[in-house]
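Sharing a structure below in structure tokens format, with a few things to ask.
The values are calculated or read from the model by the stated rules, or taken from the named source; none is laboratory data. Remember, predicted model here, so these are calculated numbers, not experimental data. Here Cβ is always computed from backbone atoms with ideal geometry, including for glycine, and neighbour counts include all displayed protein chains. For accessibility, only protein heavy atoms count, side chains too; no ligands or nucleic acids. Shrake-Rupley method; radii C 1.70, N 1.55, O 1.52, S 1.80 Å.
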Amino acid sequence: MQRALRLLEAVGAHEDGAPAKQLARETGLPLPTTYHLLRTLTHEGYLRRENGVFVFGEAAEAIGRAGARRRQRAQISEALALAGRELGAAVYFAVYREGEVEVVAVTDDPERPPVEEWVDFRSTAHAHAIGQCLLAQLDDATRKEHLARYPLQSITPFSLDTEDDLLRRLDTVRRGQVAYERQEYALGTVCAAIPVQVGAAAAALAVSLPAEELHRLRSVTDRLRKMAEATLTTLAFSISI
């Protein structure tokens with residue numbers, strides 16, 4: 001395994017690939033061993049041979065993409081943490097991907113804990129600000145299909161009761177470019193979400209506060225919007241694609 005990893009590192013050092021003999025010299029491996037490992041790595045999809053040189057294959061590229069995505073997630077988590085400390089709120093980033101609400105990152109500050117996911121966020125988009133903000137960005141057919149899979153349900157006494165109520169709320173969200181939600185998903189918590197531009201994807205940044213701090217919600221949301229315009233949207237785009 002160590003020798004195979006050395007070969008992969010050697011291949012990665014050459015943007016246009018390298019032939020077997022050069023890789024053997026650079027890794028200090030005997031040529032027969034190098035050929036054997038290269039054949040194995042090629043068979044498993046970690047390498048491929050093009051015009052006599054070896055380059056990364058799909059399997060190795062997939063590992064690289066996974067690593068890049070982890071780094072991007074770490075970057076946006078750090079950005080959200082900074083925003084959360086400045087705002088004095090829990091902060092979230094979410095996207096609508098492949099028919100589902102996906103919370104990509106959320107702050108983890110014990111002083112300002114995020115909302116506990118006590119009912120699956122994916123099935124309750126109608127009841128929280130993140131979901132309402134994402135649903136408001138969808139076209140009519142996509143939104144209708146989503147609501148057919150996830151009909152409205154009462155999560156708290158403050159949850160929206162009917163699809164007509166939800167559609168009126170979504171119209172308000174589209175006009176104001178912000179979704180406000182007061183204890184509709186979790187008692188004792190108020191939330192707001194704003195849409196962010198990430199190409200064609202529906203995405204949102206959100207904040208949550210204890211219900212007794214409702215008076216801060218609008219000002220905190222306005223500050224979140226300014227932060228998004230300055231820095232957060234770029235990071236959001238990198239992780240959502």
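Report Rg/Rh for the chain, rounded to two decimals, where Rg is the Cα radius of gyration and Rh the Kirkwood radius.
Numbers: Rg = 23.9 Å, Rh = 20.4 Å.
That ratio equals 1.17.
Under a GNM of the chain (C-alpha, springs under 10 Å), which listed residue has the highest mean-square fluctuation: 223, 48, 182?
Among 223, 48, 182, the largest GNM mean-square fluctuation belongs to 48.
Pulled fully out, how much extra length does the chain show between residue 144 and residue 175, if you take 0.36 nm times their separation in residues and subtract their Cα-Cα distance?
Numbers: separation 31, 0.36 × 31 = 11.16 nm, distance 1.95 nm.
Fully extending the segment from residue 144 to residue 175 adds 9.2 nm.
In Å, what is the Rg of the alpha-carbon atoms in segment 1-58, and how long is Dmax?
For segment 1-58, the Cα-based Rg and Dmax read 9.7, 27 Å.
Ranked from the most accessible area to the least, with a 1.4 Å probe and all protein chains present, what is the order of 116, 163? Intermediate values should be presented prior to the final figure.
Working: 116 140, 163 90 Å².
I get 116, 163, largest accessible area first.
Is the shape of segment 64-205 rounded, prolate or oblate, going by the alpha carbon gyration tensor and its root eigenvalues a ≥ b ≥ c, with a/c under 1.5 for rounded and a/b larger than b/c for prolate?
Details: a/c = 1.80, a/b = 1.30, b/c = 1.39.
Because a/c hits 1.5 or more and a/b fails to exceed b/c, segment 64-205 counts as oblate.
Counting only heavy atoms of the protein chains, get the accessible area per residue of the chain (1.4 Å probe) and round it to a whole Å² value. Walk me through the intermediate numbers first.
On the way: 12930 Å² over 241 residues.
Heavy-atom accessible area per residue stands at 54 Å².
At residue 116 and residue 100, where each label point lies 7 Å from the Cα along Cα→Cβ, what is the point-to-point distance in nanometres?
2.3
Here is a further query. Let's see if you can work this out: charge +1 on each Lys and Arg Cβ, -1 on each Asp and Glu Cβ, no other charges. What is the dipole magnitude of segment 65-191 about its Cα centre, in debye to the nearest 20?
Working: 17 positive and 21 negative charges, 109 e Å.
Charge dipole of segment 65-191: 520 debye, to the nearest 20.
Between residue 182 and residue 81, 0.36 nm times their residue separation minus their Cα-Cα distance comes to what?
Numbers: separation 101, 0.36 × 101 = 36.36 nm, distance 2.31 nm.
Here the answer is 34.0 nm.
Per 0.36 nm of contour for each residue apart, how much would the distance between residue 213 and residue 200 grow if the chain were fully extended, relative to their Cα-Cα spacing?
On the way: separation 13, 0.36 × 13 = 4.68 nm, distance 3.41 nm.
Between residue 213 and residue 200, full extension yields an extra 1.3 nm.
I'd like to know which of 88, 196, 129 lies farthest towards the positive end of the charge dipole of the chain, counting +1 on Cβ of Lys and Arg and -1 on Cβ of Asp and Glu.
196
Same structure again: Which distance in nm do the two modelled labels at residue 58 and residue 156 give, with both placed 7 Å along the Cα-to-Cβ direction?
Taking the two extended label points, one gets 4.7 nm.
Using only the Cα atoms of segment 135-196, build the gyration tensor, take square roots of its eigenvalues as a ≥ b ≥ c, and label the shape rounded, prolate or oblate: rounded if a/c is under 1.5, else prolate if a/b is larger than b/c, else oblate. Provide the component values of the computation, followed by the final result.
On the way: a/c = 1.99, a/b = 1.17, b/c = 1.71.
Because a/c hits 1.5 or more and a/b fails to exceed b/c, segment 135-196 counts as oblate.
Under unit Cβ charges (Lys, Arg +1; Asp, Glu -1), what dipole magnitude, rounded to 20 debye, does the chain have relative to its Cα centre? Display every interim value, and only then the final one.
Details: 29 positive and 33 negative charges, 173 e Å.
Dipole size: approximately 840 debye.
So, with a 1.4 angstrom probe, what is the percent of accessible area on the chain that is carbon and sulfur? Write down the numbers at each step before the final one.
On the way: 6720 of 12930 Å².
Ligands and nucleic acids excluded, carbon and sulfur reach 52 percent.
Report the residue, chosen from 119, 91, 207, that carries the largest GNM mean-square fluctuation when the chain is represented by alpha-carbon nodes joined by springs under 10 Å.
Residue with maximal mean-square fluctuation among 119, 91, 207: 119.
Now for a different question. Using just the helices of the chain, give the 222 nm mean residue ellipticity in deg cm²/dmol: DSSP H runs with n ≥ 4 each add -39,500 (n - 2.57), and the total is spread over all residues, rounded to 500. Could you put the intermediate results ahead of the total?
On the way: 9 runs with 114 residues, N = 241.
Roughly -15000 deg cm²/dmol at 222 nm, from the helical runs in the chain.
Further, regarding this structure: For the chain, modelled as a GNM with alpha-carbon contacts under 10 angstrom, which of 220, 11, 196 fluctuates the most?
Fluctuation is largest for 11.
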